[in-house]
Amino acid sequence: MYRLAEPGQLGHREELQPGEQTDFPRALPCGFDLAHALWALCSPQRLMSVNYLGSVYPSRAVITTMKERRVGRIVFLSSQAGQVGLYGFTAYSSSKFAIRGLAEALQMEVKPYNVYVTVAYPPDTDTPGFAEENKTKPLETRLISETTSICTPEQVAKQIVKDAIQGNFNSSIGSDGYMLSSLTCGMAPVTSITEGLQQVATMGLFRVLSLLYLGSFDTIIRRCMTERAKYEIADKTA
């Protein structure tokens, strides 16, 4: 999670003095993201603690001051895996879907105070962590991920900052990101009437495209399962 506000502006009740103890967990870098490839090595509790609670506590720390000042914006970092659940992302997607609920509820609570929320859904991003993740990612997951393009960190960061400055609730990157945000808009707030009309107008077409995507993902998973079964039979008969 990132905050577009002056540094050091903590809520009065949450601000700590030097040496003061707190019942909050150890501080995490804002926007820290526990890679989904590590899901097999980390418990679901750990993933929720880092990806979800790692967004809850920083926002809790600043929200009081923002409400008092009647100005502020909080940006949560979710993922496209927080819009669609995919093979291999079981625990990771759960932690990222939770951020969506947090962002929507918080936006409704703080809007009367002129405080606003942006939730970003970045795609696969070409970072050292992503390269490391690909070393252990299940074949099915890797093949599904390869159906979309990978973005550079600069592209992702630029789009998130742009959407936050423009006051958008959703921040998506690329055509796939736009489609996912429209498909999963649900009861999410809109920035303008135009945005709402675009969601209504494109929903039918995007739903058809999403079914084609899901069909191709199912085909990939079945093909990998069949190939794996062949190798297992070959190993037993060898």
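Every number here is computed from the coordinates shown, using simple stated rules; none is lab data. The model shown is predicted, which means the values in this text are computed figures rather than measured ones. Positions of Cβ are backbone-derived with ideal geometry, glycine not excepted, and every protein chain shown enters the neighbour counts.
Taken over the stretch 72-165, the alpha-carbon convex hull comes to 92 cubic angstrom per residue.
Stretched out straight at 0.36 nm per residue, the stretch from T90 to L205 would grow longer than its current Cα-Cα span by 38.7 nm.
Length gained on full extension, V161 to N134, computed as 0.36 nm times the residue gap minus the Cα-Cα distance: 7.0 nm. Mean sequence separation of contacting Cα pairs (under 8 Å, at least six apart), scaled by the length of the stretch 100-238, corresponds to a relative contact order of 24 percent. Sequence-distant or interchain residues sharing an amide H contact under 5 Å with I74, placed H: which? Amide H neighbours of I74: Y116, V117, T118.
In loop segments of the stretch 129-200 as defined by DSSP, there are no chymotrypsin sites (Phe, Trp or Tyr not before Pro) with at most 12 further C-beta atoms inside 10 Å of their C-beta. Shown here for the stretch 99-185: trypsin sites (Lys or Arg not before Pro) in loop regions (DSSP other than H, G, I, E, B) with at most 16 other Cβ atoms within 10 Å, namely K135. Counted residue by residue at 0.36 nm each, then reduced by the alpha carbon distance between them, the extension gain from Y57 to T226 reaches 56.4 nm. Computed from backbone phi with θ = phi - 60° and the Karplus coefficients 6.51, -1.76 and 1.60, the 3J(HN,Hα) list for the stretch 65-73 is 5, 4, 5, 5, 7, 6, 6, x, 8 Hz; x is used for glycine and proline. Between E68 and A105, the C-beta separation translates, for a Förster distance of 22 Å, into a calculated FRET efficiency of about 0.60. Its Cα centre serving as origin, the stretch 112-238 has a Cβ charge dipole (Lys and Arg +1, Asp and Glu -1) of approximately 260 debye. Put the Cα centre of the stretch 117-184 next to the Cα centre of the stretch 52-115 and the gap is 17 Å.
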